[in-house]
Each structure stands twice: as C-alpha cells, then as structure tokens.
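The values are calculated or read from the model by the stated rules, or taken from the named source; none is laboratory data. Computed from a predicted structure; not experimentally measured. Here the Cβ positions follow ideal geometry from the backbone for every residue, glycine too, while neighbour counts run over all protein chains shown. Each accessible area value is taken on the protein alone, full model and side chains, heavy atoms only, with ligands, DNA and RNA left out. Shrake-Rupley method; radii C 1.70, N 1.55, O 1.52, S 1.80 Å.
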Amino acid sequence: MNTVFNEDIIFFLDKRVENNSVDLIIADPPYNILKIEWDNFNSEKEYMEFMISWLEKSYQKLKDTGTFYLFNNAYNSAKLIPILERIGFNFIDWITWYKKDGFNGCKNKYVNNQETILFLSKSKKWKFNADSIRVAYLSTDRMKHATKKGILKNGKRWFPNKNGKLCTNVWEFVSERHNNKINGKIIEGIHPTQKPIKMIERMILASSNENDLILDLFSGTGTTSFAAKNLNRNSLGCELNSEYYKYILKRLKGE
Ligand SMILES: C[S@@+](CC[C@H](N)C(=O)[O-])C[C@H]1O[C@@H](n2cnc3c(N)ncnc32)[C@H](O)[C@@H]1O
C-alpha cells in the first residue's frame, strides 16, 4: 500500500489489486502521438487494443461507487467513449483541460490548446464532493455587493458561497512545462508530460475521501501518488520506465 510498482500495467492490475476494492482511478496513459518510445504504437488498431486490455481490467477493480478519470486528446477520447460504455463504464462528463500556454504554431487548423479528461463511474451512484472543489467567483465587485445585500433571484435573496462557485467542466491549469520556465525558456524536466498537481488534487478532493484507495495508472513522475499522500488517501501506482520509477520513489520520500 502507498507505493508505486516498476512493472507493466497488466501485471500490476492482475497481481497487485483486488477486484471491487478501489474508490478512484486516475489514468494518464500514452496518447500515441509523441515521438518517444513509450508513446509509440505501430497502428491505431494496436493502440486501441492496448487501451482495451487495461481498461477492461481497471473496470473490475473499481468499487460500485468508484470513479475513473481518463486523460487523452480529443480524437482518442471520442473513439474511446463507445468502448468504455461497452466495457460497462457509466459516462459522466467530458472535462476540457484548457492549457492556456504551450501551443505549437500550426496554420492549417485551429491551434490545439486543450486535452480531454473523460470522467466515468462504475455505476450510477458515484461519490462527488462538489463543495470541496469550489473555485473563486470571477466578478469580485458583484460578489462584494452580493455578500452584503444579496442578489434578488426569483423572489429570494441569494448570497454567494464564501468558498466560491461550483467547479465547471472546463479546467484552466498551465502545463508543468510552462510552469517551470526559467527566464521564459522551457527547461526539459525528467518527464515530458507531467501533469499539474493542482489539477490532480481537484480530482482527488472531488472523488474520494480520506483513507480511500486511489490507483495511479501510468504514474510517470508519480503526481497522483504524491497528491494522494498529501491529501491522506491511500494509493497504488505502476510505472514501466525505471528512470521515472526511481524519480517517483524520491518524490514520495520528499527528496
Ligand atoms: C502520460 S505519462 C504519465 C505522466 C504522469 N501523469 C505525471 O504526472 O508524471 C504515461 C506514462 O506511462 C508509462 N507507461 C507506458 N506504457 C506503460 C505500461 N504498459 N505499463 C506501465 N506504465 C506504462 C510511461 O513510461 C509514461 O511515464
């Protein structure tokens, strides 16, 4: 418990995790788009077969109330929805991660500035802590006024929530590569696709409680395991690459 294994996802799911035992899965798999060894598949067919192989097993691991967040690009996500539903997942939402920064300058279509996070559950009775992920109201002046006097809505006075408004399904987080710039220059870190920890914390706070069990599938730099530890959740992760794995162990030890 509370560790990451340096092994293939299929072995990990078969050997380390009991069926119906997991509250939340956060999966950040290869997208089949990068020129990097772990993201390279011979064909889309081969890629989809790989995805199906571990998605089917992941479904078995979730408790009935469990939820599943799946990162990918829009194209793969659209293709995956019918496959996920066939496996048995309940589709809840399509979350758009608006990355704000870091686009490449293509000129024959709109510049890509987003990734997709599919939000799914095992059954219709998933857990969701909406109040724990409230975000700041945008119109601060209006809210100042509303806090004092309220705003008249349908004959009733509405007062803003002191913790902010409910979180929407468009998430704005600057990518890690652009958070870690020095003098405006990107510094290549240990991993090319590390996810912002604040984004992972949002998923954990919304979809789990303290001491729940979270699976960190395709751990990379262990962002999910690290966030789970900080938020007093239990976690189990897997990462095939031994360099990334060594980095995760150090990160979890706080080094
Ligand atoms: C998109 S990255 C995850 C990044 C991670 N979310 C983070 O914040 O650092 C996907 C990771 O999956 C790993 N991986 C690829 N194929 C795998 C497999 N079959 N089993 C386990 N890990 C795998 C890669 O080495 C890579 O680090």
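For the reader, a short list of remarks on this structure follows.
- Length gained when the stretch Ala130-Glu37 is fully extended (0.36 nm per residue, less Cα-Cα span): 29.6 nm
- Here the Gaussian network model covers the chain, with springs between Cα atoms less than 10 Å apart; of Met143, Met48, Met203, Met143 fluctuates the most.
- Cβ-derived FRET efficiency at R0 51 Å, Asp8 paired with Lys162, nearest 0.05: 0.60
- In Hz, Karplus ³J(HN,Hα) per residue of the range 144-158 (6.51, -1.76, 1.60; θ = phi - 60°; x = Gly, Pro): 4, 4, 5, 5, 6, 10, x, 10, 6, 9, 6, x, 10, 8, 9
- For the range 25-31, backbone phi angles converted through the Karplus equation (6.51, -1.76, 1.60; θ = phi - 60°) give residue-by-residue couplings of 10, 10, 10, 10, x, x, 9 Hz, Gly and Pro being listed as x.
- For the chain, share of DSSP beta bridges that run antiparallel, in % to the nearest 5: 50
- Accessible area expressed per residue, the chain, with surrounding protein chains retained (probe 1.4 Å, Å²): 56
- Residues Glu176, Glu49 ordered from highest to lowest accessible area at a 1.4 Å probe: Glu49, Glu176.
- Protection proxy ranking of 60-70, 147-157 - average other beta-carbon atoms within 10 Å, highest first: 60-70, 147-157
- The stretch between Asp141 and Phe50, if pulled fully straight at 0.36 nm per residue, gains 27.7 nm over its current Cα-Cα span.
- In a simple Cβ point-charge model (Lys, Arg +1; Asp, Glu -1; nothing else charged), the chain has a dipole of about 1680 debye relative to its Cα centre.
- Over the range 112-192: Kirkwood hydrodynamic radius from C-alpha pairwise inverse distances, Å: 16.9
- Overall form of the range 1-152 per C-alpha gyration tensor (a/c, 1.5; a/b vs b/c): oblate
- Per-pair calculated FRET efficiency, R0 = 25 Å: Asn232 and Lys253 via Cβ, rounded to 0.05: 0.90
- Sum of -39500 (n - 2.57) over DSSP H runs of 4+, divided by residues of the chain (222 nm, nearest 500): -10000 deg cm²/dmol
- Of the residues Lys79, Lys144, Lys100, the one that moves most in a GNM of the chain with alpha-carbon contacts below 10 Å is Lys144.
- Classified by the C-alpha gyration tensor, the chain has a prolate form. Its axis ratio a/c, with a ≥ b ≥ c, is 1.5 or above, and a/b is larger than b/c.
- Computed from label points 7 Å out along Cα-Cβ, the spacing between Ser123 and Glu85 is 2.1 nm.
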